[in-house]
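Below is one structure, written out as structure tokens, with a few remarks after it.
The values are calculated or read from the model by the stated rules, or taken from the named source; none is laboratory data. Given the structure is predicted, the values throughout are model-derived calculations rather than measurements. Methodologically, a virtual Cβ is constructed for each residue, glycine included, from the backbone with ideal geometry; neighbour enumeration extends over all protein chains shown. The accessibility values were calculated without ligands, DNA or RNA, using every heavy atom of the protein model including side chains. Shrake-Rupley method; radii C 1.70, N 1.55, O 1.52, S 1.80 Å.
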Amino acid sequence: MQKNAVDILTSYVDALHPIIYINHFDFKVIDDVISKVSEKAKKVEFNNALGFVDFQNKHPMLEASLESFLKQTMDYGFDRETFVILKDVHNELKNPKVIALLKKIAEDNVYREGYRETVFIVSEVLVIPEELENLITIFDVPLPDLNEIKGIVADYAKDLDIKVESDVVDEIALSFKGLNEFQIQQILNLAYRDGGDIKASDKQLIITEKQQLVKKAGMLEIVNFHEKVDDIGGLNNLKQWLRRKAEIFKDLDRAIKFGVDVPKGILIVGMPGCGKSLTAKATANLFELPLVRLDVGRLLGKYVGESENNMRKALKLAEAISPCVLWIDELEKAFAGVGSSIGGNEVTTRLFGQFLTWMQEKESSVFIVATANNIAKMPPEFMRRGRFDELFFVDLPDPDERRSILRIHLEKRGKWNSEIDTIALTKKTDGYSGVDLEAVVKNAIEEAFINDVPVITTNDLLNSVKKTKSISVTLKDKIDELRKDIQKYDFMEANCAGKNGG
Ligand code: ATP
């Protein structure tokens, strides 16, 4: 990891990026990286709590304000290359004098001959003053790749003189992906303290720790689920596709070694109440992975760059807990208005670009399930080939699918019996969605309970159908519109006509 980080930072310094904002909590790791960028450069450090600090031994040297520190060190860049390292100064970045001094140093670094002074701001909190926006480069410390993680595990085992089988290293290394060196070492410590060695079953420990991480960060929501693929009536094409991909996720390490591409994700567009959310949960169950939800609205912040920083953190977090399923509900609302000249929102457009780039470049095993009711307002980029592995359109259930959905919901409530004439029921439920059919079953059972009738009959269900309005009546125009919009793109039918679902 360090080497990669050093290379990137060195390239920034060489290209005269004047202020580099390192958004990180572990100052020791960052000091190590900065030292390696240039051994020759003079390093002066300011710590918000201590003032002037000796960069090598961290001893406080002189109490001072950031303003006076910058005034005293701003000419160092004329004598020799200087790194100014500012720790935890994010609150000072609202002070106009500090901003002006930083701007002066930055501009001298870019424009004045013979002057080399690079400012590093190191803090866990990102504050970018508007005046410095163009002069600041944000640097995210790259996370260790698979080989580097294997190295960390191997070094750990060597230090403690324990033997870890190489297939165990391979398996747990994959689960460690997305965590930084510090976090990996903490989990290894836990595993070692727990059992005196490192074994494949410690993967569970990694998942639990990663879930803690998500809860603490608050950028994503962990979704608890119990829905299974067999709880979905119909949608046979979609279910078949998912079952195939599940084979890969269940044996990911071997699949990758074999040369299989890790599936990226799917977009499911369709009628409300037809099982899109159900599918997102059932996917995580089928793949045996944690499910996390990304709510783009929750990432929006009021300061410049805050939303983008939140998005970056959320995506990093998703990578940190990968392999996982990342669910983005109501994708059309998350990125509504992107790119349109009127009413287009600049921040949302930037977030969209950031998300798309991440999707394109991601190497982690985050499987995206994006769901949407409408594509009219959605950026067309999402529908282009190569973004998602597949685009699925979920239509209203056909007769066979309706039979299967009714049966699933009756069985779930212990009220299925073979006397129920599902064919008669399907004839009366044309245009009903999954959630409508569930309502039919729920209401019939409630009625039977109130009337003290132990067995549900076809007639009870037919009566309930009469009282339940279908989505096709309430949302007719929207449904017609969606069917028309879908034709413009290459969507695959999630439903599979003529086959029995369930
Ligand atoms: P929305 O777009 O409104 O969020 P959705 O397509 O995500 O709708 P779900 O939340 O998955 O709809 O469905 C709501 C409920 O309806 C489910 O929890 C389930 O009980 C029932 N349901 C919908 N579709 C199906 C289906 N194909 N099979 C079984 N039950 C279904």
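The table below lists the values:
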{"read-out": "Verdict on V29 being modelled with pLDDT of 90 or more, assigned to a helix (DSSP H, G or I) and among the aliphatic types (A, V, I, L, M)", "value": "no"}
{"read-out": "Only listed residue being in a loop (DSSP other than H, G, I, E, B), in contact (Cβ under 8 Å) with a residue 24 or more places away in the chain and not assigned by TED's automatic domain parsing to the domain that holds S307, chosen from V84, V125, V119, V98", "value": "V125"}
{"read-out": "Residues of segment 384-409 that turn out to be small (G, A, S) and either surrounded by 23 or more Cβ atoms within 10 Å (Cβ to Cβ) or assigned to a helix (DSSP H, G or I) (or both), as a count", "value": "1"}
{"read-out": "Checklist (1) touching a residue at least 40 places away in the same chain (Cβ under 8 Å); (2) within 16 Å of the ligand (Cβ to nearest atom); (3) of a type in the set (D, E) applied to E411, failing item", "value": "(1)"}
{"read-out": "Boolean, D436 is in a helix (DSSP H, G or I) and either within 16 Å of the ligand (Cβ to nearest atom) or open to solvent by less than 20 Å² (accessible area, probe 1.4 Å) (or both)", "value": "yes"}
{"read-out": "Criterion (of a type outside the set (V, I, T), free of Cβ contacts under 8 Å to residues at least 24 places away in the same chain and open to solvent by 40 Å² or more (accessible area, probe 1.4 Å)) met by exactly one of E361, E419", "value": "E361"}
{"read-out": "In segment 208-244, the residues that are under 19 Å from the mean Cα position of the chain (by Cα) and either surrounded by 16 or more Cβ atoms within 10 Å (Cβ to Cβ) or within 30 Å of L396 (Cα to Cα) (or both)", "value": "E209, K210, L213, V214, M219, L220, E221, I222, V223, N224, F225"}
{"read-out": "In segment 263-295, the residues that are more than 16 Å from the ligand (Cβ to nearest atom) and open to solvent by less than 40 Å² (accessible area, probe 1.4 Å)", "value": "P263, G265, F287, L289, P290, V292"}
{"read-out": "Of all residues in segment 461-489 being surrounded by 12 or more Cβ atoms within 10 Å (Cβ to Cβ), at pLDDT below 85 and away from the ligand (no atom under 13 Å from the Cβ), the one that is farthest from E447 (Cα to Cα)", "value": "K476"}
{"read-out": "Residues located in segment 445-460, provided they are in contact (Cβ under 8 Å) with a residue 12 or more places away in the chain and more than 15 Å from the ligand (Cβ to nearest atom)", "value": "E447, A448, V455, I456, T457, T458, D460"}
{"read-out": "Output for segment 5-25, where each listed residue is at pLDDT below 90 and farther than 15 Å from S38 by Cα", "value": "N23, H24, F25"}
{"read-out": "Every residue from segment 40-60 that is surrounded by 14 or more Cβ atoms within 10 Å (Cβ to Cβ) and among the hydrophobic types (A, V, I, L, M, F, W, C)", "value": "A41, V44, F46, L50, F52, V53, F55"}
{"read-out": "Filter result (assigned to a loop (DSSP other than H, G, I, E, B) and more than 42 Å from the chain's Cα centre (by Cα)) within segment 419-433", "value": "E419, I420, D421, K428"}
{"read-out": "Residue that is nearest to E401 (Cα to Cα), among those in segment 181-236 that are in a helix (DSSP H, G or I) and within 16 Å of the ligand (Cβ to nearest atom)", "value": "N236"}
{"read-out": "Single condition L66 does not satisfy, out of (1) within 37 Å of the chain's Cα centre (by Cα); (2) without any contact (Cβ under 8 Å) to a residue 24 or more places away in the chain; (3) surrounded by 18 or more Cβ atoms within 10 Å (Cβ to Cβ)", "value": "(2)"}
{"read-out": "Pairs, first at positive phi in segment 44-57, second not small (G, A, S), C-beta under 6 Å, six or more apart", "value": "G51/L62; G51/E63"}
{"read-out": "Segment 255-279, residues that are within 24 Å of the chain's Cα centre (by Cα), in a helix (DSSP H, G or I) and of a type in the set (D, E, K, R)", "value": "K276"}
{"read-out": "Those residues of segment 367-383 which are in a strand (DSSP E or B) and of a type in the set (V, I, T), in sequence order", "value": "I368, V369, T371"}
{"read-out": "Candidates V110, V127, V84, filtered to the one that is of a type outside the set (S, T, N, Q) and open to solvent by less than 10 Å² (accessible area, probe 1.4 Å)", "value": "V84"}
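Here is a yes/no grid of residues against (1) within 16 Å of the ligand (Cβ to nearest atom); (2) of a type in the set (D, E); (3) over 29 Å from E306 (Cα atoms):
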site	(1), (2), (3)
V338	no, no, no
K362	no, no, no
A372	yes, no, no
M378	yes, no, no
D389	no, yes, yes
P399	yes, no, yes
